[in-house]
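Asks: The structure under discussion is supplied below as structure tokens; questions concerning it will follow.
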Amino acid sequence: MEKRCKLKKGWMILLSLIAFFFLLFLLLLGFYFYNLQGVSSSTAEKEIVIEKGIGSRGVAKTLKERNMIRNEYVFLAYLKLNHVKDLKFGTYLLRENMSVEEIVDALNHGSTYNPDAISITILEGINMREIARVIASKTNNQYESVIEKANDKEYLATLIEKYWFITEDILDEEIFYKLEGYLYPNTYQFDSKDVSVETIFNRMIAEMAKQLEEYKDFDYTTLSIHERLVLASMVEKESPRKSDRTKMASVFLNRKNKGMNLGSDVTTRYAKKIDNKKQKLDDEEFQYKSPYNTRLNDGSMNGRLPIGPISTISKTSIDAAFHPESDNNLYFISNIQTQETFFYENYQDFLVKKAELKEVNQGF
């Protein structure tokens, strides 16, 4: 009986020990996985520098000091258990909510982060002067150097040779900025502020090439590629809403085909280099002699597009210039508050709407 009790007691001790170590194992497992989680739920980013030759312990210490991991020993255990040896030095941009697994994956692949990198956003519908101001504000280039590069004949010659859509039409001496309309608006990333104007232009032109690829074999009997881009730039500037752009392109082409002047205020503003959209134009400005000004009524601009594009051009406006609406509209007017544009075949109908919108459009 006594022997049976001792045996039972022994089993109880053994089971207790097993339970104790199992519970300890669960606690350690929980501690391990808890410390593999991100230090917070924040997506805020930190710049972390991993020095060359510091080893795994040095990496763990650096991450702990920057509060990127919960426990450096758990971090080292993770490396050991997953046979991770190749952590690369460099500068990393890491989120606070990244887990140890995500951090190790980033350090294992190596840094692609460049703290000197810059982003340049060129908006749709802005002109070369505005582009030059943006580049000058974001890089170490001067405004004047941007304008000079846009008219650099040697550089332009290389572009004409390389790209099918850049032709000798841009070399006309009366064109203000030869690359106006050929630089595609987008957000571009560069390694540093020391990026050259030529590098920036090359990226923008390469992007324009992609946007125009589908029109490489288009029939250019009626309008040249240069003229299509001129038309697209007018559409871009005149159409507040993208949905109106095919109709806008149609109006300009219908007027051109009838031998009328195209009557676009935005071309007058460009001809006079007026960047203030709120500045009202007067009769003297409308009759300013320029191959850009389609408001001239002396007959010299009848049936003619401006000599060159007047702004950057979005894909929507490019498509509208190549595929305009099929209608007979000759006139349009926009509500500057709602941005709705109204189109008319008849001049009297246009005048009625213009009178109706006079107060809304503040006299425009």
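Here, each number is a calculation from the coordinates, and none is a lab measurement. Not measured: the values here are computed from a predicted model. Because the Cβ atoms are built from the backbone with ideal geometry, glycine has one as well, and the counts that use them run over all protein chains shown.
Asks: If I model a spin label as a point 7 Å beyond the Cα along the Cα-Cβ vector, how far apart are those points for residue 217 and residue 335 in nm?
Replies: Between residue 217 and residue 335, the label points sit 4.5 nm apart.
Asks: Once you sort the root eigenvalues of the Cα gyration tensor of region 82-147 as a ≥ b ≥ c, which label holds: rounded (a/c under 1.5), prolate (a/b larger than b/c) or oblate (the other case)?
Replies: prolate
Asks: Work out the FRET efficiency for residue 26 and residue 93 from their Cβ-Cβ distance, taking R0 = 25 Å, and round it to the nearest 0.05.
Replies: Plugging the Cβ-Cβ distance into 1/(1 + (r/R0)^6) gives 0.10.
Asks: Continuing with the same structure: Quick check: residue separation of residue 43 and residue 191 times 0.36 nm, minus the Cα distance between them. What number comes out in nm?
Replies: 50.9 nm
Asks: Could you tell me which of rounded, prolate or oblate describes region 231-277, using a ≥ b ≥ c as the square roots of the eigenvalues of the alpha-carbon gyration tensor, with rounded for a/c under 1.5 and, failing that, prolate when a/b is larger than b/c and oblate otherwise?
Replies: oblate
Asks: With the cut-off at 27 Å, tell me which of the pairs 149/278; 256/354; 289/353; 178/358; 64/85 have Cα atoms farther apart than that.
Replies: Beyond 27 Å: 149/278; 289/353; 178/358.
Asks: With viscosity set to 1.002 mPa s at 20 °C, what whole-number translational diffusion coefficient in µm²/s follows for region 206-355 from Stokes-Einstein and a Kirkwood radius over Cα pairs?
Replies: 136
Asks: In debye, nearest 20, what is the charge dipole magnitude of region 54-188 about its Cα centre with +1 on Lys and Arg Cβ and -1 on Asp and Glu Cβ, if you could check? Present the calculation step by step, with values, prior to reporting the outcome.
Replies: On the way: 16 positive and 21 negative charges, 281 e Å.
Taking the Cα centre of region 54-188 as origin, the dipole is about 1360 debye.
Asks: Explain nothing, just the number: relative contact order of the chain, from Cα pairs under 8 Å at least 6 residues apart, as a whole percent.
Replies: That works out to 14 percent.
Asks: Amide H of residue 331: which non-local residues (sequence gap of 5 or more, or other chain) have their own amide H closer than 5 Å, using H built in the peptide plane?
Replies: Distant-sequence amide H within range of residue 331: 344.
Asks: Roughly how many Å is it from the Cα centre of region 245-272 to that of region 208-230, as a whole number?
Replies: 18
Asks: Hey, another quick one. Quick one: if you stick a label point 7 Å off each Cα along the C-beta vector at residue 140 and residue 361, how many nm between them?
Replies: Going by the 7 Å Cα→Cβ label model, 4.9 nm.
Asks: Taking the Cα centre of each part, how many Å lie between region 31-45 and region 301-325?
Replies: 53
Asks: How big is the equivalent ellipsoid of region 26-142 along its three axes, where each semi-axis is √(5λ) from the Cα gyration tensor, reported in whole Å from largest to smallest?
Replies: 39, 16, 11
Asks: Grab the DSSP H runs of the chain that are 4 residues or longer, score each as -39,500 (n - 2.57), total them, divide by all residues and round the 222 nm result to the nearest 500 deg cm²/dmol.
Replies: Details: 14 runs with 165 residues, N = 364.
Calculated mean residue ellipticity at 222 nm is -14000 deg cm²/dmol.
Asks: Hey, can you list the DSSP H helices of the chain whose Cα span along the axis is 27 Å or longer and whose average Kyte-Doolittle score is at least 0.0?
Replies: For the chain, where a helix must reach 27 Å along its axis and average at least 0.0, the hits are 2-34.
Asks: Given contacts defined as C-alpha pairs under 8 Å and at least six residues apart, what's the relative contact order of region 161-232, whole-number percent?
Replies: Taking the mean separation of contacting Cα pairs over the length of region 161-232, I get 45 percent.
Asks: How large is the charge dipole for the chain, taken about the Cα centre, if only the Cβ atoms of Lys, Arg (+1) and Asp, Glu (-1) carry charge, to the nearest 20 debye?
Replies: Roughly 2600 debye for the chain.
Asks: In square nanometres and to one decimal, what's the mean projected area of the convex hull around the Cα atoms of region 109-224?
Replies: With every direction weighted equally, the projected area is 9.1 nm².
Asks: Using label points projected 7 Å from each Cα along Cα→Cβ, tell me how many nm separate residue 163 and residue 328, to one decimal.
Replies: 3.9
Asks: Could you calculate the FRET efficiency of residue 241 with residue 172 from 1/(1 + (r/R0)^6), where r is the beta carbon distance between them and R0 is 25 Å, rounded to 0.05?
Replies: It comes out at approximately 0.20.
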